[in-house]
1. If the label point is 7 Å along Cα→Cβ of residue 120, which residues in region 7-34 have backbone nitrogen under 17 Å from it?
2. Using alpha carbons only, how many angstrom separate the centre of region 140-189 from the centre of region 43-99?
3. Could you tell me the convex hull volume per residue, in Å³, taken over the Cα atoms of region 72-222?
4. Going by the alpha-carbon gyration tensor, a ≥ b ≥ c the square roots of its eigenvalues, is region 168-246 rounded (a/c under 1.5) or, if a/c is not under 1.5, prolate (a/b greater than b/c) versus oblate?
5. I need the Kirkwood Rh of region 170-212: take the reciprocal of the average 1/r across all distinct C-alpha pairs and report it in angstrom.
6. Find how much the distance from residue 75 to residue 221 grows on full extension, using 0.36 nm per residue of separation minus their present alpha carbon separation; answer in nm with one decimal.
7. For region 23-77, state the semi-axes of the equivalent ellipsoid (square roots of 5 times the eigenvalues of the alpha-carbon gyration tensor), sorted largest first and rounded to whole angstrom.
8. Neighbouring Cβ atoms within 10 Å as the yardstick, rank 151, 206 fewest first.
């Protein structure tokens, strides 16, 4: 059963339109989440809104929304006044134009949504719009209002439905120049670039998101399970940064020969050695405590 629709409205292409439903294409439901608790009682804590001037707790019925005109001076905006800002994209996804897919800078891509027809009566018009787009290497651009904000949405066929991805506006994107302009141009040899190219070819693959494993999430789940079972958590010691300096050319050659596996083996050996050292320190501390007790 599909989850509850996030948005309902009309998808419109010129004079052809149909009711559609919008669903978030991503979910964070499986992510491990923590709550703030009272260490002494184990009870969950709740947040409260505090007046920054008086320090008083503000109840829900006292909360409002304001825009800061100048320092400490706000104009209050009522929810009804926000609703009065009516534009067509509040309830309509009106396709404005079609652009080549490869012209959309990936930095503008924001949140993906699934678009499906709303009811049997909408299927014919929905299919006409979807199938008309399938043969074209172009993406539809439209506007939509979500959570009181207008967004540009890129729409393209996906299976039996449509994929709509909200785009960032130009003013939301930082200019790369302020981060890249100071990068110096080093003198690197053609051989270095060719070696790096060979490494790239050796690692050539195809995008398969099922191969990506969230190791940190798995480690969090394991941590919670161990704690819930009353087991002690051993704190990891910070890894030391390697002090040896390897020339770029040597590093490229070693990488091409598969020395990466050897490096991983060395790191694994170092971790085992660290574990033995940690056990030895625990044994020494236990012996010291025993002597003091005697």
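1. So the set is 19.
2. Measuring centre to centre over Cα atoms gives 25 Å.
3. 298 Å³
4. In terms of gyration-tensor shape, prolate.
5. After inverting the pairwise mean of 1/r, the radius is 14.4 Å.
6. 48.0 nm
7. So the equivalent ellipsoid measures 31, 22, 10 Å along its semi-axes.
8. Going from least to most buried by this count: 206, 151.
Every number here is computed from the coordinates shown, using simple stated rules; none is lab data. Bear in mind the structure is a predicted one, so any value in this text is a computation, not a measurement. FYI the Cβ positions are ideal-geometry reconstructions off the backbone, even for glycines, and counts take in every protein chain you see.
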